[in-house]
Amino acid sequence: MKSAVETLNPTRVRLTVEVPFEELKDSLDAAYKKINQQVTVKGFRKGKIPARVIDQRFGRGAVLEEAVNDALPKLYTEAVNEAELNPLGQPEVDITELKDGETLAFTAEVDIRPEIQIPDYSGIEVTVDAVEVTDEDVEKSVEQLRERFASTNPVERAAAEGDVVTIDLEAKVDGEVLPDGVAEGVSYTIGSGELLDGIDEAVTGLEAGGEATFTSQLKGGSAEGKDAEVTVKVTAVAARELPELDDDFAQMASEFDTLDELKADSRKRLENMKQYDQATQAQERVLDELLKLAEVPIPEKLLEDEVKTRKHNLEHHQLGQMGLDLAKYLEIQGKTEEEFDAETKEQAVKGIKTQFILDELVNKEKLNVNQEELTEHLMRRAQSSGMSPDQFAQAVVEGGQVPMLVGEVARGKALAVVVEAAKVVDTNGEVVDLEDEEDEAEATEAAAETAEAAAEGEAEEKNEA
């Protein structure tokens, strides 16, 4: 077999392959054997039909077509390996010559991973939010804990903000009660904003037995988006009572004996959360700077497929679970379809660049993934998927996705290397030492999550939210 490579552009090549006919012998034999099992010829036992009879009855062309289809994948793989290419996706194959008994020639165009020069990233400098926990932050945290231990007691008075009311609802559109527009015994906290627009004003001032009617745009159900006439009847009013903020509360709500100890622990927890957010912010911003420094050609077909995949996942999975279609989603987001397409393409480009650069760094730095790192990553992925680690591991193995998980961890380690070399300062001008805030395993896993989010376009979505 002879093969040659023609570079069409930095991300696409054309392989030209010529194969002497004798190298097709195994595939021809397999073709005759396969046809033998599929056809019946009078006078011959099934599977024992001579090759010449098959040629006469069914045509030599049918045999050649079967043999070529069998041989092409192996011949293509050999040519790729010989040329030391890293193909992306399926090739476009064109048989240019097929002479029975003489030669087979074909071309295969395929996208390849571009050659990337890793830039000098030692000079990257980013600014992140300072870790600052105020007394107000601590008080808010303790107040949220206090809310969880609130009790409710029935009262005989008009409902006011903060009260918990039990209500019956009936929604009409065009004078007709909706089939899914009736609800009874609904518990609602006035001011929470968890139900319909306008309900807070309607129930405030009502005592048990009172009712009111108001107009509100429905947020879901059979008449989603339509204005409905809603009748609400209050059947009970209860006041929420918060426990006193004292040592007794600390003992009831935590493992601490005093309120001061509880507040100190809340402050520490908030600091840890903000340090984690700071580290994630540093990783995201360092990655953005790295992407700016590197020239990365993007394969057109790969980009096209990635955009289609992202749109499909959004429409048929995320939006489907929310009961929305793309048009409604764009309306809520206040975006045109052109703006959405442009953003999706931008995110896809960033995802592809992220994978290419970090994969190249993995090779350059000779980074390996050990079993402990893979297990830690698997546990996190299992948790986010809602599956047990054993179930997730089984699904990964059966789906042949272990290399994918290894790649995610390796890219996380590559990003951690770049972050370690970068200068990170906070908004107060203080240098941030991320090594003081996380151990190596945590840093690697956090970086893997950041790299994965960037590759999948989640970082942008989180920032928009």
Suppose the filter is part of a helix (DSSP H, G or I), small (Gly, Ala, Ser) and modelled with pLDDT of 95 or more; does residue 279 pass it? no
Hits in segment 6-25 - residues which are assigned to a helix (DSSP H, G or I) and either touching a residue at least 12 places away in the same chain (Cβ under 8 Å) or on the phi > 0 side of the Ramachandran plot (or both): 21, 23, 24
Only one of (1) surrounded by fewer than 16 Cβ atoms within 10 Å (Cβ to Cβ); (2) touching a residue at least 24 places away in the same chain (Cβ under 8 Å); (3) among the charged types (D, E, K, R); (4) outside the structural domain of residue 427 (by TED's automatic domain parsing) fails for residue 200. Which number is that? (1)
Quick one: which residue in 253, 294, 279 is touching a Phe, Trp or Tyr at 6+ places or on another chain (Cβ under 7 Å) and either of a type outside the set (Val, Ile, Thr) or loosely packed, with under 15 Cβ neighbours inside 10 Å (or both)? 253
Which of the following residues is surrounded by 15 or more Cβ atoms within 10 Å (Cβ to Cβ) and touching a strand residue (DSSP E or B) at 6+ places or on another chain (Cβ under 6 Å): 274, 233, 226? 233
Do you know which residues across segment 212-223 are touching a strand residue (DSSP E or B) at 6+ places or on another chain (Cβ under 7 Å) and either in a loop (DSSP other than H, G, I, E, B) or not assigned by TED's automatic domain parsing to the domain that holds residue 170 (or both)? 218, 221, 222, 223
With (1) in contact (Cβ under 8 Å) with a residue 60 or more places away in the chain; (2) hydroxyl-bearing (Ser, Thr, Tyr); (3) assigned to a helix (DSSP H, G or I) as the list, and residue 231 as the residue in question, which single condition is left unmet? (3)
Across segment 18-50, what is the number of residues that are under 49 Å from the mean Cα position of the chain (by Cα) and among the aromatic types (Phe, Trp, Tyr)? 2
Single residue of segment 203-223 satisfying the filter (exposed (fewer than 14 other Cβ atoms within 10 Å of the Cβ) and of a type in the set (S, T, N, Q)) that is modelled with the lowest pLDDT: 222
In segment 297-320, which residue that is more than 17 Å from the chain's Cα centre (by Cα) and among the hydrophobic types (A, V, I, L, M, F, W, C) is farthest from residue 115 (Cα to Cα)? 302
Does segment 251-266 contain any residue that is of a type outside the set (Lys, Arg) and under 19 Å from residue 152 (Cα atoms)? yes
The lone condition residue 55 fails out of (1) at pLDDT below 80; (2) assigned to a helix (DSSP H, G or I); (3) exposed (fewer than 12 other Cβ atoms within 10 Å of the Cβ); (4) of a type outside the set (A, V, I, L, M, F, W, C) is (3)
Count, please, the residues in segment 366-378 that happen to be in contact with a helix residue (DSSP H, G or I) (Cβ under 6 Å, 6 or more places away or on another chain) and closer than 27 Å to residue 11 by Cα. 1
Which of the following residues is out of contact with any helix residue (DSSP H, G or I) (no Cβ under 6 Å at 6 or more places or on another chain), in a helix (DSSP H, G or I), modelled with pLDDT of 90 or more and over 30 Å from residue 8 (Cα atoms): 140, 33? 140
State yes or no: is residue 178 assigned to a loop (DSSP other than H, G, I, E, B), touching a Ser or Thr at 6+ places or on another chain (Cβ under 9 Å), at pLDDT below 95 and under 30 Å from residue 328 (Cα atoms)? no
Residue 167 - would you say it is buried (at least 18 other Cβ atoms within 10 Å of the Cβ) and assigned to a loop (DSSP other than H, G, I, E, B)? no
Being under 26 Å from the mean Cα position of the chain (by Cα), under 30 Å from residue 21 (Cα atoms), in the same structural domain as residue 15 (by TED's automatic domain parsing) and part of a strand (DSSP E or B) narrows it down to one residue among 104, 88; which is it? 88
Name the one entry in 414, 395, 410, 421 that is exposed (fewer than 14 other Cβ atoms within 10 Å of the Cβ), within 21 Å of residue 282 (Cα to Cα) and either at pLDDT below 90 or among the hydrophobic types (A, V, I, L, M, F, W, C) (or both). 421
Which numbered condition in (1) touching a Leu at 6+ places or on another chain (Cβ under 8 Å); (2) in a loop (DSSP other than H, G, I, E, B); (3) under 30 Å from residue 324 (Cα atoms) is the only one that residue 194 fails? (1)
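Each row is one residue, and each column tells you yes or no for (1) in contact (Cβ under 8 Å) with a residue 60 or more places away in the chain; (2) among the β-branched types (Val, Ile, Thr); (3) in contact with a Phe, Trp or Tyr (Cβ under 8 Å, 6 or more places away or on another chain).
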{"site": "305", "(1), (2), (3)": "yes, no, no"}
{"site": "308", "(1), (2), (3)": "no, no, no"}
{"site": "313", "(1), (2), (3)": "no, no, no"}
{"site": "316", "(1), (2), (3)": "no, no, no"}
{"site": "319", "(1), (2), (3)": "no, no, yes"}
{"site": "336", "(1), (2), (3)": "no, yes, no"}
{"site": "342", "(1), (2), (3)": "no, no, no"}
{"site": "348", "(1), (2), (3)": "yes, no, no"}
{"site": "357", "(1), (2), (3)": "yes, yes, no"}
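The values are calculated or read from the model by the stated rules, or taken from the named source; none is laboratory data. This one's a predicted model, so the numbers in the text were calculated from it and none came from an experiment. All Cβ positions, even for glycine, are placed from backbone atoms using ideal geometry, and neighbour counts span all protein chains on display.
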